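Where a number appears in this text, it was derived from the coordinates with a stated rule and is not lab data. Predicted, not measured: the structure shown is a model, and the values here were computed from it. Quick reminder, even Gly has a Cβ in these numbers, built from the backbone with ideal geometry, and neighbours come from all protein chains shown.
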Amino acid sequence: MKNNTIENCRIIEIPKVHDERGSLAVIEKGCFPFEIKRVYYLYDVPSDAFRGGHAHKNLNQLLIPLSGSFEVLLKDGTSSNRVLLNKPNKGLLIVPGIWREIDNFSSGSVCLVLASEVYDETDYLRDFNEFQSFKG
């Protein structure tokens, strides 16, 4: 969506249950504002590498740090914000029309991504100039 800003992106608290045996996080229908149509995860990412470097026209995503930590740089064409993700019960909702770059992966980190749509290459904006034109 063209008019989304980084203010539309937010941390979503994932419900958890904790007792002496440990913690259990639960993702169910209604936990966040979209239906899951695709799930994938990033792992074994070198600490000096980055992922992302694109935006989506229609896709919503929730990024969850299952293990370790990483940072997400969000840009909406006007503003930018860097978010540290390091708690497995807190995910970052990224709405359509937001550029994202994921970096500073800690050793052993795993980033789970829940997506609102199946893979569609035509939904990607992979060039930042193209992204800015799309937002304009």
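Some points to look at:
- Test result for I36, surrounded by fewer than 20 Cβ atoms within 10 Å (Cβ to Cβ), in contact (Cβ under 8 Å) with a residue 24 or more places away in the chain and either within 25 Å of N4 (Cβ to Cβ) or among the small types (G, A, S) (or both): yes
- Per-region count, region 55-73, residues under 17 Å from L114 (Cβ atoms) and either among the small types (G, A, S) or in contact with a helix residue (DSSP H, G or I) (Cβ under 9 Å, 6 or more places away or on another chain) (or both): 4
- Condition met for R126 (over 19 Å from E13 (Cβ atoms), without any contact (Cβ under 8 Å) to a residue 40 or more places away in the chain and charged (D, E, K, R)): no
- Positions within region 90-127 being among the polar types (S, T, N, Q) and more than 14 Å from the chain's Cα centre (by Cα), in sequence order: N104, S106, S107, S109, T122
- Region 109-126, subset outside any strand (DSSP E or B) and either in contact with a strand residue (DSSP E or B) (Cβ under 6 Å, 6 or more places away or on another chain) or among the acidic types (D, E) (or both), residue farthest from L59 (Cα to Cα): S109
- Counting only strands (runs of 3 or more DSSP E) wholly contained in region 1-92, the ones carrying 1 or more residues that are of a type in the set (F, W, Y) and farther than 14 Å from D103 by Cβ occupy 38-43.
- Taking first residues from region 84-101 that are among the basic types (K, R) and partners that are outside any strand (DSSP E or B), the Cβ contacts under 7 Å between residues at least 6 apart in sequence or on separate chains come to K90/I14.
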